[in-house]
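The values are calculated or read from the model by the stated rules, or taken from the named source; none is laboratory data. Bear in mind the structure is a predicted one, so any value in this text is a computation, not a measurement. Cβ placement follows ideal geometry from the backbone for every residue including glycine, while neighbour counts extend to all protein chains displayed.
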Amino acid sequence: MVPLFPLLLASHVVCAVVSLLLFLIRGIPSLVLERPLPGRFFRVAPHVTDTLLLATGIALAWTLSLDPLQVPWLGVKLLLVVVYIALGILAFRLHGPRRWRLVLFTLALLVFADIVAIAVTRSPLGLGSL
């Protein structure tokens, strides 16, 4: 029998990497080159991946009996996930100057990096603790 924790952790990390790659693959052509990718795959796949990422994250927290209200780094990480999602939505859906959408896209990437730093260091300071 395969232990659950290593499988959940590996799945969560893979989903995070795929999520970032899909964000970049979708963002660079549409924001930098101003040519959105054709087809439905790159509009749907990020949502599926992010749902799996959230599900594995919840399963990990459940497995480790972590309460985001009691574990500061987890609470900050979840709050930043909401910020990351909001920035991504604004970057792709905002109708306005391209430079603002690029700023939002870049901020979303920085927030993603901070989320990863929080997960690795288990410190609510994230990048500030490195």
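Structural remarks
- Total residues in the stretch 20-51, condition among the aliphatic types (A, V, I, L, M) and at pLDDT below 85: 4
- Entry remark, the stretch 61-82: residues being under 20 Å from the mean Cα position of the chain (by Cα) and surrounded by 12 or more Cβ atoms within 10 Å (Cβ to Cβ) number 14 in total.
- Some residue of the stretch 51-58 being under 10 Å from the mean Cα position of the chain (by Cα), surrounded by 16 or more Cβ atoms within 10 Å (Cβ to Cβ) and farther than 18 Å from Ile118 by Cα: no
- Condition broken by Val17, with the remaining ones in (1) outside the structural domain of Leu127 (by TED's automatic domain parsing); (2) crowded, with 16+ Cβ neighbours inside 10 Å satisfied: (2)
- Evaluation of Phe112 against (1) touching a residue at least 40 places away in the same chain (Cβ under 8 Å); (2) assigned by TED's automatic domain parsing to the domain that holds Leu21 (one fails), failing number: (2)
- Taken together, the residues in the stretch 71-122 that are within 21 Å of Val44 (Cβ to Cβ) and hydrophobic (A, V, I, L, M, F, W, C) amount to 12.
- Among the residues of the stretch 52-59, some residue qualifies, meaning at least one is closer than 19 Å to Val82 by Cα, touching a Ser or Thr at 6+ places or on another chain (Cβ under 7 Å) and outside the structural domain of Ala113 (by TED's automatic domain parsing).
- Residues of the stretch 21-40 that turn out to be loosely packed, with under 13 Cβ neighbours inside 10 Å and more than 19 Å from Leu109 (Cα to Cα), as a count: 4
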